[in-house]
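K.L.:
Quick one: the structure is below, questions incoming.
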Amino acid sequence: MPLDWAATQTNLGAALFRLGERESGTGRLEEAVAAYREALKEYTRERVPLDWAATQTNLRAALFRLGERESGTGRLEEAVAAYREALKERTHERVPLDWAATQTNLGAALSSLGERESGTGRLEEAVAACREALKERTRERVPLDWAMTQTNLGNALLSLGERESGSGRLEEAVAAYREALKECIRERAPFDWAEAQTGLGNALFHLGEQESGSGRLEESVAAYGAALEEYTREAAPRWHDITQQNMARCLALLEQRRKPQTARRGK
């Protein structure tokens with residue numbers, strides 16, 4: 001029963017992927033990639049096109065997570081290519097929600113690639129892919145998926161905002177993260193909630209750098225603190241460390257801004 005075997009390999013890959021997302025190493029993710037590649041030996045495009053497209057998407061999600069943890073761009077390039085390939089079968093007309101899910105994943109991979117490149121082309125593509133996905137992933141129809149896509153949109157806008165002198169993209173990123181948090185609540189999806197809080201903290205920090213006051217920076221610290229309630233050292237060691245570092249950077253800038261005020265009061 002080759003197709004049943006392929007289905008089991010796909011399920012194994014999904015379980016390994018979920019474990020790998022929570023661990024700091026890459027071993028589980030490598031195993032997930034191997035399981036998905038095995039499934040694709042039977043899940044061919046000609047035989048079962050939608051199962052092939054779904055497994056391609058899952059494979060590239062695992063490659064994307066691996067690519068995030070590596071310094072090169074090879075895995076991310078492969079992920080982008082595979083998402084584009086999957087969209088040949090997961091079309092808007094045929095399977096609109098699956099199409100939107102793949103657009104969201106494509107946006108995330110393009111955003112990660114764009115962060116490692118000097119230009120903004122990939123990031124602009126990432127924003128466009130997320131906005132396309134939101135045509136089907138509406139809040140009324142699929143609230144959690146809508147929230148996840150809003151977070152991915154926020155990530156791409158944040159990266160663009162970091163490279164621009166104005167605050168427009170950063171303001172858009174803050175808005176996207178706040179939208180995500182309307183549905184992505186801690187009790188329902190704790191790690192997705194923490195991701196949105198971290199992104200919000202980052203966007204507010206960069207806005208705070210551009211302003212003379214401390215309001216945005218204080219909001220940023222609050223967002224990081226919220227994220228750390230889920231990003232504990234035990235549950236998510238990698239994200240715990242990253243968020244702690246970002247929070248420390250924000251607190252240091254806040255302290256610098258408070259010193260002149262303290263000195264003036266002392267006089």
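The values are calculated or read from the model by the stated rules, or taken from the named source; none is laboratory data. Please read all numbers here as calculations on a predicted model, not as lab measurements. Using ideal geometry, Cβ is built from the backbone for each residue, glycine included, and neighbour counts are taken over all protein chains shown. What goes into the accessible areas is simple: the full protein's heavy atoms, side chains included, and nothing from ligands, DNA or RNA. Shrake-Rupley method; radii C 1.70, N 1.55, O 1.52, S 1.80 Å.
K.L.:
With just the Cα atoms of region 193-249, tell me how far they stretch along each of the three principal axes, in Å, largest first.
P.N.:
For region 193-249, the Cα extents along the three principal axes come out at 37, 19, 12 Å.
K.L.:
For every other residue with a beta carbon closer than 12 angstrom to the beta carbon of residue 167, add +1 if it is Lys or Arg and -1 if Asp or Glu, then tell me the sum.
P.N.:
-4
K.L.:
Okay, moving on. Hey, quick one: spin label on residue 186, modelled 7 Å out along Cα-Cβ, who in region 220-237 has an amide N within reach, i.e. under 17 Å?
P.N.:
220-236
K.L.:
Calculate, axis by axis, the spread of Cα positions in region 109-172 along the three principal axes, and write the results as whole Å, longest axis first.
P.N.:
Sorted largest first, the three principal extents are 36, 22, 14 Å.
K.L.:
Let me ask something else. Using the 2.2 N^0.38 Å rule of thumb for compact globular proteins, work out how region 154-198 stacks up: its C-alpha Rg over that value, please.
P.N.:
Dividing the Cα Rg of region 154-198 by 2.2 N^0.38 Å gives 1.23.
K.L.:
Less than 12 Å Cβ to Cβ from residue 103, Lys/Arg counted +1 and Asp/Glu -1: what total charge do the surrounding residues give?
P.N.:
Computed value for this residue: 0.
K.L.:
While we're looking at this one, here's another question. Which ³J(HN,Hα) values in Hz, rounded to whole numbers, follow from the phi angles of region 236-243 under the Karplus curve 6.51 cos²θ - 1.76 cosθ + 1.60, where θ = phi - 60° and Gly and Pro get x?
P.N.:
Values, residue by residue: 8, x, 5, 6, 4, 5, 4, 5 Hz.
K.L.:
Continuing with the same structure: Suppose every Lys and Arg Cβ carries +1 and every Asp and Glu Cβ carries -1, with no other charges. What dipole size does the chain come out with about its Cα centre, to the nearest 20 debye?
P.N.:
Value, rounded to 20: 780 debye.
K.L.:
Quick check for the chain: number of Lys pairs with alpha-carbon distance under 21 Å, counting only pairs 8 or more apart or on different chains?
P.N.:
4
K.L.:
Just one of (i) 37, 19, 16; (ii) 31, 21, 19; (iii) 40, 22, 16 is semi-axes √(5λ) of the Cα gyration tensor in Å calculated from these coordinates, so which is it?
P.N.:
Computed from the coordinates, semi-axes √(5λ) of the Cα gyration tensor in Å corresponds to (i).
K.L.:
Still on this structure: Using DSSP to call loops (not H, G, I, E or B), can you name the GluC sites (Glu not before Pro) in region 39-78 whose Cβ has at most 16 other Cβ atoms within 10 angstrom?
P.N.:
Sites meeting the loop and neighbour criteria: 46, 70.
K.L.:
Give me the Kirkwood hydrodynamic radius of region 1-102 in Å, from all C-alpha pairs, to one decimal place?
P.N.:
Hydrodynamic radius (Kirkwood, Cα only) of region 1-102 equals 13.7 Å.
K.L.:
Between 80, 138, 108, whose Cα lies farthest towards the positive end of the dipole of region 72-169 when Lys and Arg beta carbons carry +1 and Asp and Glu beta carbons carry -1, centred on the Cα centre?
P.N.:
Among 80, 138, 108, the one farthest towards the positive end of the dipole of region 72-169 is 138.
K.L.:
Given the convex hull over the Cα atoms of region 132-240, what projected area results after averaging over all orientations, in nm²?
P.N.:
7.1 nm²
K.L.:
Per residue, what accessible area does the chain have, given a 1.4 Å probe and all protein chains present, in Å²?
P.N.:
About 47 Å² of surface per residue is accessible.
K.L.:
Sticking with this structure for a sec: Normalised by the empirical 2.2 N^0.38 Å for globular proteins, what value does the Cα Rg of region 75-152 take?
P.N.:
Normalised by 2.2 N^0.38 Å, the Cα Rg of region 75-152 equals 1.05.
K.L.:
Determine the sum of side-chain charges near residue 77: Lys and Arg each +1, Asp and Glu each -1, restricted to other residues whose C-beta is under 14 angstrom from that of residue 77.
P.N.:
Taking every Cβ under 14 Å from that of residue 77, the sum is -2.
K.L.:
Shifting gears a bit: Pop a pseudo-label 7 angstrom from the Cα along the beta-carbon direction at both residue 171 and residue 144 and give the gap in nm to one decimal.
P.N.:
A separation of 3.4 nm, rounded to one decimal place.
K.L.:
Oh, and also: DSSP loop (so not H, G, I, E, B), at most 12 other Cβ within 10 Å: list which trypsin sites (Lys or Arg not before Pro) in region 168-211 pass both filters.
P.N.:
Answer by residue number: 188.
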